[in-house]
Structures are given as C-alpha cells and as structure tokens.
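The values are calculated or read from the model by the stated rules, or taken from the named source; none is laboratory data. Being a predicted model, the structure only gives us computed values, none of them experimental. All Cβ positions, even for glycine, are placed from backbone atoms using ideal geometry, and neighbour counts span all protein chains on display.
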Ligand code: X6L
Ligand code: MG
Ligand code: MG
C-alpha cells in the first residue's frame, strides 16, 4: 500500500452543467482528492512534499472558473493538474454535485477519475527520406507532450530491413517515458505524429517515413482489435531489443518474464 495525501470536502461554487440555469446561477460542488507517492515523510521540509493547501486552492479555483458541461471533464482536468505535482505517482479525484437537477430527492452524484504515471517504451523506425530527421521530430513531439514526462532516448541504429527485406535500410531507436494517457490515447497520439511526417499506409510492412510502435506499457497486457501490447514480435526483432536495452535493460517483459537485457543477449546468440 503506497503512501497518500488526501483532502476531502473541498467546497466551491461553480457553473459546470449541461443546462442553461446551471451555467448561469451555478451550484455547490465538492471535490475530494488523493495523491499517491512512492513514500512520504523522508524529510520534514515542505519543499520536499506537496503543499496540500496550495493544491486544494488550485482545485477550488478550477471549480469556480470551469466552463465545461460535465463533471467528468472537471474530474479529469483536476486529476491531470494534480498528477504533475512533485513526486506524485498517481491521483484519484472525485467531483460531487449534490444539488444536480435530477428532479427528485437524492443524496449525491459523483464521478471519480484515477490516473497513474505509467512506464512506457516506444519503438521508432524510418526508412524513407531524411530518416534521422523523422526520428528527431517524433522525439521532439513526445518531449513537448504535456501528458508525458521523463523521456529518455536510445542511440539511433542503422538496421537492415526485417520481414520484407527488399527495401531501404532503417534507422531505429527506442524511447522510454512516463505518461498517464491510456494505451489507446497514446496510440492515437503516435499515429497522429506519424501522419505529420507523411506516413502513408499502402503496403503492409512496406517502407515508411515514420513508424511509432507501443512496445511496452508498464506490466500491462493488452489485446484489442487496434492494439497489441507487449508488441507481439518484439522478442525476435534485434532492431527493437538492441536500442531498448540501452534505456530499459531492466524492464521485465510481462509475458516472457525476462529482462529486455537478457532477451537482447539471447537473440544475439
Ligand atoms: C515472416 C513474415 C517473418 C513477416 C517476419 C517481420 C513482418 C517484421 C514485419 C515478418 C515480419 C515486420 C522495420 C523493419 C519493418 C524496422 C527494420 C516489421 C514491420 N519495420 N526492419 N521491418 N526496422 N530493420 O523498423 O517489423 S516492417
Ligand atoms: Mg513497426
Ligand atoms: Mg507501427
């Protein structure tokens, strides 16, 4: 069980709602939040922790000025604001709307947004045009993404094409970062960045200006129609395991149960 700091019952007058009257007159909102930490209490200095009074004030100000329709939006916005605080590994934010216009007597309605920084590895590849510039672009976009942090990049590797071998050499690299985006939100962002570099999907496994694959998403195993994580063929791809070893050698593959370093060494043999 991780350490937490919580503030509950933060009351504020706000204008969040779907109906005109709610936006005009406003009503009472109550917010609870819990911040998760690796550990608390290592020092007795306010600078080394999160000032919960400042955090609570930011929450109150958010409610007072929010112009959204849904308390879901409010909970997600507040969660995304608080997870960026010093040392926070995850957050839970509940927004209550006890006077919501439901039309009969009820106690409360609330929504809760939970976010966690996830340790994520991406594979980058390019074999059309200025290959290194395409990779540089992807790295820059990921670096400036407000939903990501702690980005590290491997060396760039020139690799022979694998799979369909009758195409130009690739430049490959891997990126490791923390994000609270869901796997599908992260996938959408990767596909959007690929598109910005003119990625065309014609031949499967054909040449591409920029390819960004989700290799690992924490210890999660995902198989949905649009996304498979861990990347299904990564254990046999030297152009993945070699750069990934640079930045995530100790990362354990959740299905194989071995470290990336060990998987990379075993593939060399
Ligand atoms: C049989 C049939 C065996 C297909 C393997 C392997 C297909 C890899 C696709 C395969 C098969 C892939 C890169 C690449 C590609 C890259 C290098 C793929 C997708 N992407 N080669 N080939 N770097 N070096 O980024 O990985 S196409
Ligand atoms: Mg790929
Ligand atoms: Mg891809």
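Under 7 Å between Cβ atoms, at least 6 apart or on separate chains: pull out the pairs that start in region 120-147 with a residue that is closer than 17 Å to residue 244 by Cα and end on any residue that is within 16 Å of ligand 1 (Cβ to nearest atom) and at pLDDT below 95.
none
Scanning region 204-229 for residues that are in a loop (DSSP other than H, G, I, E, B) and away from ligand 2 (no atom under 13 Å from the Cβ), which turns out surrounded by the fewest Cβ atoms within 10 Å (Cβ to Cβ)? Even if it seems obvious, please write down each step before you answer.
Our first condition is that a residue be in a loop (DSSP other than H, G, I, E, B); within region 204-229, this holds for 204-210, 218-221, 225-226.
Pick out the ones that are also away from ligand 2 (no atom under 13 Å from the Cβ) and you get 218-221, 225-226.
On the way: 218: 16, 219: 13, 220: 12, 221: 11, 225: 5, 226: 10.
Filtering first and then ranking leaves 225.
For region 35-47, give me the residue count where each residue is touching a residue at least 24 places away in the same chain (Cβ under 8 Å) and surrounded by fewer than 17 Cβ atoms within 10 Å (Cβ to Cβ). Give the steps one after another, and end with the answer.
Initially, region 35-47 is screened for residues touching a residue at least 24 places away in the same chain (Cβ under 8 Å), giving 35-41.
Still in the list and also surrounded by fewer than 17 Cβ atoms within 10 Å (Cβ to Cβ): 38-41.
The qualifying residues number 4.
Could you please find all residues in region 194-225 being touching a residue at least 40 places away in the same chain (Cβ under 8 Å), farther than 22 Å from residue 130 by Cβ and within 11 Å of ligand 3 (Cβ to nearest atom)?
Correct list: 214, 215.
Give me the residue from region 230-253 that is out of contact with any strand residue (DSSP E or B) (no Cβ under 7 Å at 6 or more places or on another chain) and assigned to a loop (DSSP other than H, G, I, E, B) and, out of that set, farthest from ligand 3 (Cβ to nearest atom).
The qualifying residue farthest from ligand 3 (Cβ to nearest atom) is 253.
Consider residue 188 carefully, then state whether it is part of a loop (DSSP other than H, G, I, E, B), within 23 Å of residue 127 (Cα to Cα) and out of contact with any strand residue (DSSP E or B) (no Cβ under 8 Å at 6 or more places or on another chain).
Values: part of a loop (DSSP other than H, G, I, E, B): no; within 23 Å of residue 127 (Cα to Cα): yes; out of contact with any strand residue (DSSP E or B) (no Cβ under 8 Å at 6 or more places or on another chain): yes.
It is false that residue 188 is part of a loop (DSSP other than H, G, I, E, B), within 23 Å of residue 127 (Cα to Cα) and out of contact with any strand residue (DSSP E or B) (no Cβ under 8 Å at 6 or more places or on another chain).
Return yes or no: is residue 191 free of Cβ contacts under 8 Å to residues at least 60 places away in the same chain, within 15 Å of ligand 2 (Cβ to nearest atom) and surrounded by fewer than 20 Cβ atoms within 10 Å (Cβ to Cβ)? Write out each step before concluding.
Details: free of Cβ contacts under 8 Å to residues at least 60 places away in the same chain: yes; within 15 Å of ligand 2 (Cβ to nearest atom): yes; surrounded by fewer than 20 Cβ atoms within 10 Å (Cβ to Cβ): yes.
Answer is yes for this residue.
Please go through region 105-139 and give me each residue that is more than 21 Å from residue 200 (Cα to Cα) and outside any strand (DSSP E or B), ordered by number.
Passing the criteria: 105, 106, 107, 108, 109, 117.
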